[in-house]
Amino acid sequence: MKITVALFLLSMVVTNASFAQSEDEKKKVEEPITRLFLGMNKGDSSLVHSAFAKQVTMATIGKDKSGNPIINYESGISDFLKAVGTPHTESWNEPIWGLKISIDNNFAQAWADYAFYRGKKFSHCGVDAFHLVKEVDGTWKIFHLSDTRQKESCKVPEEVRNRFK
């Protein structure tokens with residue numbers, strides 16, 4: 001009986017330590033995502049750039065004029081960085097919610113709903129999907145970012161909408 005209780009308690013300690021470690025790692029995965037959106041908001045292309053790995057691909061999943069699905073690929077982030085860093089009168093705000101992170105060794109995937117606002121004006125919504133790699137120094141970097149974009153049927157939470165009234 002004592003051995004059973006001891007084994008049970010030991011398994012609880014190991015399980016809790018594993019859970020805490022994975023939650024800590026998830027927070028580390030979230031850091032470059034947060035940095036990306038902060039940089040966009042500030043118009044700081046250097047801050048945005050720091051969230052990404054050396055080689056990056058991007059894609060937007062949308063519809064053509066006939067309503068057929070299309071994928072627009074970008075083989076890098078230079079145009080995106082230029083757009084972020086070019087002065088604009090309104091801040092770019094992209095709040096996310098429902099963030100889900102999965103990690104396997106040095107690879108992570110993150111998925112979140114988002115809404116994009118120019119200043120206080122709603123532009124579009126969709127889903128952001130990130131692929132991240134854990135680099136030699138232990139930091140996580142985004143190496144692929146895909147998103148969807150739509151202007152209608154957006155289910156933006158009330159607390160997000162209220163921030164931009």
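None of the figures in this text is laboratory data; all of them are computed from the coordinates on show. Just so we're clear, the structure is a prediction, and the values are computed from it rather than from any experiment. Glycine gets a Cβ as well: all are built from the backbone with ideal geometry, and neighbour counts include every protein chain shown.
Here are some notes:
- With respect to the conditions (1) assigned to a strand (DSSP E or B); (2) within 20 Å of L38 (Cα to Cα); (3) under 17 Å from the mean Cα position of the chain (by Cα), V156 falls short on a single one, namely (1).
- Of all residues in the range 34-61, those that are within 13 Å of F80 (Cβ to Cβ) have Cβ atoms under 9 Å from Cβ atoms of residues that are in a helix (DSSP H, G or I) and of a type in the set (S, T, Y), 6 or more apart or on another chain, in G39/S45; G39/S46; A51/T34.
- Filtered residue count, the range 80-106, keeping only those that are more than 26 Å from K120 (Cβ to Cβ), exposed (fewer than 14 other Cβ atoms within 10 Å of the Cβ) and out of contact with any strand residue (DSSP E or B) (no Cβ under 7 Å at 6 or more places or on another chain): 2
- Among the residues of the range 111-153, those identified as in a strand (DSSP E or B) and small (G, A, S) are A112, A115, S123, G126, A129, S146.
- Complete set of residues in the range 31-78 that are of a type in the set (V, I, T), in a helix (DSSP H, G or I) and surrounded by fewer than 18 Cβ atoms within 10 Å (Cβ to Cβ): T34
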